[in-house]
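What follows is a single structure, written as structure tokens, with notes after it.
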Amino acid sequence: MNIDLTDTTASQINKALIEGRRAIGSPAVGMVLTLVIITDEENAYDAMRAASEASREHPSRTLVVIRRVSRSPRDRTTSRLDAEVRVGTEAATGETVVLRLYGEVVGHAQSVVLPLLLPDAPVVAWWPINAPVDPANDPLGNLAQRRITDAFAAENPVEELSERAETYSPGDTDLAWTRITPWRSMLAAALDQVFCKVTSAEVQGEEFNPSVELLAMWLADRLKAPVKRSASSGPGLTAVRLETDCGPIGLDRADGSLATLSIEGQPDRAVALKRRETAELIAEELRRLDPDDTYESALKFGVDRLTDDKSWASEPIGGSAATKTAAPAKAAATKSAASKTTASKSAASKSTPAEPAPAKSAAKAPARKPTAK
């Protein structure tokens, strides 16, 4: 059931929700949370479809906030709110309210969303695209206990991860992190089968994919071993190789669907690592509403500490500047000491008087006297 409201208010939207539930014969509210989606008109359909599929596992009230751009200065000074209420089969097992904001109300979206939140229910905010730099301090993000972004939709995903690390607040998460959950589970299960120490690791994946960086940072943070990130043709993550003192461990996925797990001394086995849709990722994130400490630790590890330089593998991760400069300083000190020794020897040779030449071994023989005749 769809109810269209033009130039409406939050109270009229609440009244339409009650009338819609009565019309379909379910006056009770059986929602477990409120999902607020902040997007644009172009990506609204895909976001609502993913939220609708996720609501089959998590019945929720979905509020879609779309900020419409006013074309003329006159329209920017006026405020208008249009709403579309979907109840019943149109919204799967939940309720969907599409809010289109015009004019000055665009800058006050939180005042429109606040009266529509379910009482005594958690709030989750999701930005499929154009996420704020600091989601926790965003007016809409401040209403939520859980804030979901997607670094893959950013123009520069690697820089986006660095900004997320600087502005992280408990409750923040990213779909780039959710995409690597099967990889983390499979690698953890593989390491549980061996009693070896990981000495180094390599993560391969397509360029400009933040999931590759997050997986590499997670491995480096948990294993305390150097991790190298290398590019491949994709799709997405393609391979992870762990070097251990018992032999290599590899997880290769070339086609984006089926992967091969290889462990030294064991036969290779095929494992399912299919690339998941957005609806599955959102459903996974809605299963937990507490802060993700593992994501925080991996995110704050730092993208700049991942490198392709092989000489870095011999240095400990997270070494201080004094440790990194100890070897050059020692070499400089050795070189300086050697030069001082050479200079002192040269000065000593100049100041010491020359020794006298050694005496001849034999003196001149005296002249033979003439013999008497």
Using Cα centres only, tell me the gap between the range 93-135 and the range 179-253 in whole Å. 37
Excluding same-chain residues fewer than 8 positions from Lys300, which aspartates and glutamates have a Cα within less than 14 Å of its Cα? Glu159, Glu160, Glu163, Glu166, Asp172, Asp174, Glu213, Asp221, Asp292
Calculate the spin-label point distance for Thr260 paired with Arg276, positioning each point 7 Å from the Cα along the beta-carbon direction, and give it in nanometres. 2.6
Quick check for you: with a 1.4 Å probe and neighbouring chains kept, what is the accessible area per residue of the range 2-42, in Å²? 55
So which GluC sites (Glu not before Pro) in the range 94-155 pass both tests, a DSSP loop state and at most 12 other Cβ atoms within 10 Å of the Cβ? Glu155
With all protein chains present and a 1.4 Å probe, how do Phe301, Phe208, Phe195, Phe152 order by accessible area, largest first? Phe195, Phe208, Phe152, Phe301
Give the accessible area for Glu19 in Å² (nearest 10); use a 1.4 Å probe, count only protein heavy atoms, and leave out ligands, DNA and RNA. 110
Between Ser230 and Glu163, the two model label points (7 Å from Cα along the beta-carbon direction) sit apart by a distance in nm of 3.2
I'd like the accessible area for His108, computed on protein heavy atoms only with a 1.4 Å probe and all protein chains in place. Round to 10 Å², please. 100
Extension gain (nm, one decimal) between Leu143 and Glu206, 0.36 nm per residue minus Cα-Cα: 19.1 nm
Share of alpha-carbon pairs per 5 Å distance bin for the range 161-223, given as whole %: 3, 14, 24, 27, 16, 10, 5, 1
Heavy atoms of the protein only, probe of 1.4 Å, neighbouring chains included. What is the accessible area of Glu202 in Å², nearest 10? 40
Approximate shape of the range 131-235 as ellipsoid semi-axes (Cα gyration tensor, √5λ), whole Å, largest first: 28, 16, 12
So for the range 157-197, considering every pair of alpha-carbon atoms, how many percent are separated by more than 15 Å? 59
Going by accessible area, probe 1.4 Å, with all protein chains left in place, what is the ranking of Leu258, Leu187, largest first? Leu258, Leu187
Rounded to whole Å and ordered largest first, report the semi-axes of the equivalent ellipsoid of the range 206-257 derived from its Cα gyration tensor (root of 5λ). 20, 14, 8
For the range 1-139, what ratio Rg/Rh do Cα atoms give with a Kirkwood hydrodynamic radius? 0.95
Can you compute the radius of gyration and Dmax for the range 176-281, using only the Cα atoms, both in Å? 13.0, 40
Could you give the nm distance between label points at Leu118 and Glu296, where each point is 7 Å from its Cα heading toward the beta carbon? 2.6
Amide H neighbours of Ala154 under 5 Å, at least 5 residues apart or on other chains, H built in the peptide plane: list them. none
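The values are calculated or read from the model by the stated rules, or taken from the named source; none is laboratory data. Just so it is clear, the model here is predicted, and its values are computed rather than measured. Here the Cβ is made from the backbone with ideal geometry for all residues, glycine too, and neighbour counts use every protein chain on show. Quick note on the areas: whole protein, heavy atoms, side chains included, nothing else; ligands and nucleic acids left out. Shrake-Rupley method; radii C 1.70, N 1.55, O 1.52, S 1.80 Å.
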